[in-house]
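Structure, as structure tokens:
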Amino acid sequence: MTAIERKLECPILVAIDMHRGHLDPAVATMPVAADRARAVVERSARIFDRARAAGIPVVHVVTVYRRPSEAQSNPFWASKRSGTRARSAEHNMEGSPGTQIIPELYRPGDVVVTTKKRYSAFLHTDLEFVLRDHGARTVLLAGINTNSCVLCNAFEIVNRDFELVLLEECVETMDGPEAHAMALKLMQVCLGRVLRWEEIEAELVPIAHG
């Protein structure tokens, strides 16, 4: 079956934690390397706009904590065994600049979910309600970090019987290129397709003009 024959069914784009707390070096408490952060923002801004133009809804999920204990109750994060998570007690406190979605990635009309507190964007949030309300069958997944939140939510999406398509150009991690590559490989092997936007757009053509 060719790409153009395999139409994406009722797609929706979900962006996980593409906020200043990861992607803006000026305020980030868990930063992606500055050059990689800028590159993924530039790619994603272009792709998100093309998705909107194709009639695909965009949903942003953002981690927000009321106070440090909401994060520090997690044994791994509190242990400081992960150097990239050493500032977890400061990360994305309510009202802080880090919780703001990167401006280039947001447009009026996008849906925003701000009750995420763990790797899962579904745990104690209304994300699944949003997906079902939009009639979604396919989730185009973007976000930070490829090997933690994105990977976790790839499993969550598949467990809920949505088709998973990972937006290869719109994912990145603060844990480095090796972790990024391993996560991409895992998702491609056992969860869904890892595609570039041009490949996805080819499947949208018959839908837009059919």
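The alpha-carbon atoms of the range 11-209 define a convex hull whose volume equals 114 cubic angstrom per residue. Counting Lys and Arg as +1 and Asp and Glu as -1 over every other residue whose Cβ lies under 10 Å from the Cβ of Ala39, the net charge comes to -1.
When only the Cβ of Lys, Arg, Asp and Glu is charged (+1, +1, -1, -1), the dipole of the range 79-210 relative to its Cα centre reaches about 620 debye.
For the chain, the relative contact order comes to 28 percent (Cα pairs under 8 Å, sequence separation of at least 6).
Given the -39500 (n - 2.57) contribution per DSSP H run of 4+ residues, what per-residue ellipticity at 222 nm results for the chain, rounded to the nearest 500 deg cm²/dmol? That calculation yields -10500 deg cm²/dmol at 222 nm.
For the chain, leaving out every one of the GluC sites (Glu not before Pro) that falls in a DSSP loop and has at most 14 other Cβ atoms within 10 Å, the longest unbroken run is 95-210. Count neighbours as other Cβ atoms within 10 Å of each site's Cβ, and list the trypsin sites (Lys or Arg not before Pro) in the range 1-82 that are DSSP loop with at most 13 such neighbours. Hits after loop and neighbour filter: Arg6, Arg66, Lys80, Arg81.
Fewest Cβ neighbours within 10 Å first, please rank Thr99, Thr84 accordingly. If you can, show how the numbers build up before the last one.
Details: Thr99 20, Thr84 16.
Ascending Cβ contact count within 10 Å gives the list Thr84, Thr99.
With springs only between Cα atoms under 10 Å apart, run a GNM on the chain and tell me which of Leu151, Leu23, Leu123 wobbles the most. Checking each option, the largest mean-square fluctuation is seen for Leu123. Each residue in Val62, Val32, Val150, Val112 was given a count of other beta-carbon atoms within 10 angstrom of its own, and listing them fewest first yields Val112, Val62, Val32, Val150.
Each reported figure results from applying straightforward, stated rules to the coordinates on display, with no laboratory input. The model shown is predicted, which means the values in this text are computed figures rather than measured ones. Positions of Cβ are generated from backbone atoms using ideal geometry, with glycine treated the same way; all protein chains shown enter the neighbour counts.
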